[in-house]
Amino acid sequence: MKCNVGGLDRMLRIVAGLALIGLTLTNVIGVWGWIGIVPLVTGIFRFCPLYVPLGIKSCGSGCDNGSCKK
């Protein structure tokens, strides 16, 4: 699995995912908040399957060899 999610994109995904899950756990929003698992997982693993067919890489030059610089 090649890396295609970079720094800022990764941080935003993790924060948004945690926020949605937190809001769901505190009953502020309904069960739809569990969709926060998707950005959280894609941020953690630095891979977004939707980016592949769209040809998007937000990790810049660090993912040229198939793995991101950490």
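What FRET efficiency do you get for residue 23 and residue 2 if R0 is 22 Å and r is their Cβ-Cβ distance, rounded to the nearest 0.05?
E between residue 23 and residue 2, to the nearest 0.05, is 0.10.
Between (i) 110; (ii) 98; (iii) 80, which entry matches volume of the Cα convex hull per residue in Å³ as derived from the coordinates of this structure?
(iii)
Give the residue from 7, 22, 36 lying farthest towards the positive end of the charge dipole for the chain; charges sit on Cβ (+1 for Lys and Arg, -1 for Asp and Glu) and the dipole is referred to the Cα centre.
Value: 7.
So if R0 is 30 Å, what FRET efficiency would residue 16 and residue 56 give, r being the distance between their Cβ atoms, rounded to the nearest 0.05? All intermediate terms of the calculation are to be shown ahead of the outcome.
Working: r = 17 Å, r/R0 = 0.58.
After rounding, the FRET efficiency stands at 0.95.
Coordinate-derived values only; no laboratory data. The structure displayed is predicted, hence computed values, not measured ones. All Cβ positions, even for glycine, are placed from backbone atoms using ideal geometry, and neighbour counts span all protein chains on display.
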